[in-house]
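A.B. asks: Just passing along the structure, written as structure tokens.
The values are calculated or read from the model by the stated rules, or taken from the named source; none is laboratory data. Just so you know, these numbers come straight off a predicted model, no measurement behind them. In this analysis, Cβ positions are derived from the backbone assuming ideal geometry, glycine residues included, and neighbour counts consider all displayed protein chains. Please note that ligands, DNA and RNA were not included when accessible areas were found on the heavy atoms of the full protein model with its side chains. Shrake-Rupley method; radii C 1.70, N 1.55, O 1.52, S 1.80 Å.
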Amino acid sequence: MTKIFVVEDDPMLGLLFKNSLEKEPTADVTHLTSAEDCLANLHLNPDIITIDFNLPGMDGLELLKKIHLYNDQIHCILISGQNDVSVVVEAYKSGAQDYIVKDDNAVINLVNSVNN
């Protein structure tokens, strides 16, 4: 079983990502709505965490760094509406394995990223 956390504060988008990822029979997907919830559940040892860039209280880059301090083997995917190249570069420098732009192809790109 692959344990996946979807960290997304938008309930509809979080549900869309969760339902799309759950189509893979070996996926165990948990939707969390804040960085704090994610950090509080790291003891469950997820294999993959998808992180919304614009989270309340803590941005996705800060969360990514905290996750990697806890366990740098967790595969992190940052998802954002940001097209700014400097944000993308910083995400990869901070340990993101992938960066997905929230657009019409976000769900397809996320599923492909998780399955690769």
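A.B. asks: Could you tell me which numbered condition Asp72 fails, if it satisfies all but one of (1) assigned to a loop (DSSP other than H, G, I, E, B); (2) in contact with a strand residue (DSSP E or B) (Cβ under 6 Å, 6 or more places away or on another chain)?
C.D. replies: Asp72 satisfies all of (1) assigned to a loop (DSSP other than H, G, I, E, B); (2) in contact with a strand residue (DSSP E or B) (Cβ under 6 Å, 6 or more places away or on another chain) except (2).
A.B. asks: Can you pull out every residue in the range 18-43 that is assigned to a helix (DSSP H, G or I), touching a strand residue (DSSP E or B) at 6+ places or on another chain (Cβ under 7 Å) and of a type outside the set (A, V, I, L, M)?
C.D. replies: The answer is Lys18, Cys38.
A.B. asks: Enumerate the pairs (first residue in the range 91-116 and assigned to a loop (DSSP other than H, G, I, E, B); second residue anywhere and among the small types (Gly, Ala, Ser) and modelled with pLDDT under 95) with beta-carbon separation below 7 Å, excluding pairs fewer than 6 apart on the same chain, so at least 6 apart or on different chains.
C.D. replies: If the second residue must be among the small types (Gly, Ala, Ser) and modelled with pLDDT under 95, the pairs left are Lys102/Ser80; Lys102/Gly81.
A.B. asks: Could you check, for the range 44-59, whether at least one of its residues is open to solvent by less than 20 Å² (accessible area, probe 1.4 Å) and assigned to a helix (DSSP H, G or I)?
C.D. replies: no
A.B. asks: Can you name every residue in the range 44-72 that is among the small types (Gly, Ala, Ser) and on the phi < 0 side of the Ramachandran plot?
C.D. replies: Taking the range 44-72 and keeping what is among the small types (Gly, Ala, Ser), we get 57, 60.
Listed by number, the list holds a single entry, Gly60.
A.B. asks: Name the residue that is farthest from Ile108 (Cα to Cα), counting only residues in the range 18-38 that are among the polar types (S, T, N, Q) and open to solvent by less than 60 Å² (accessible area, probe 1.4 Å). Reasoning before the result, please.
C.D. replies: First pass over the range 18-38, keeping only residues among the polar types (S, T, N, Q): 19-20, 26, 30, 33-34.
Those left that are additionally open to solvent by less than 60 Å² (accessible area, probe 1.4 Å): 20, 30, 34.
Numbers: Ser20: 9, Thr30: 19, Ser34: 23 Å.
So, considering only residues that are among the polar types (S, T, N, Q) and open to solvent by less than 60 Å² (accessible area, probe 1.4 Å), the one farthest from Ile108 (Cα to Cα) is Ser34.
A.B. asks: So for the range 77-89 (the condition being farther than 22 Å from Asn112 by Cβ and either in a loop (DSSP other than H, G, I, E, B) or modelled with pLDDT of 95 or more (or both)), does at least one residue qualify?
C.D. replies: Narrowing the range 77-89 to residues farther than 22 Å from Asn112 by Cβ: 84, 86.
Those still in the list that are either in a loop (DSSP other than H, G, I, E, B) or modelled with pLDDT of 95 or more (or both) too: 84.
Yes, the range 77-89 contains at least one residue that is farther than 22 Å from Asn112 by Cβ and either in a loop (DSSP other than H, G, I, E, B) or modelled with pLDDT of 95 or more (or both).
A.B. asks: Restricting attention to the range 3-17, report how many residues are open to solvent by 50 Å² or more (accessible area, probe 1.4 Å) and in a strand (DSSP E or B).
C.D. replies: At the first step, the residues of the range 3-17 found to be open to solvent by 50 Å² or more (accessible area, probe 1.4 Å) are 3, 9-12, 15-16.
Next, from what is left, pick out any that are in a strand (DSSP E or B): 3.
Within the range 3-17, residues that are open to solvent by 50 Å² or more (accessible area, probe 1.4 Å) and in a strand (DSSP E or B) number 1.
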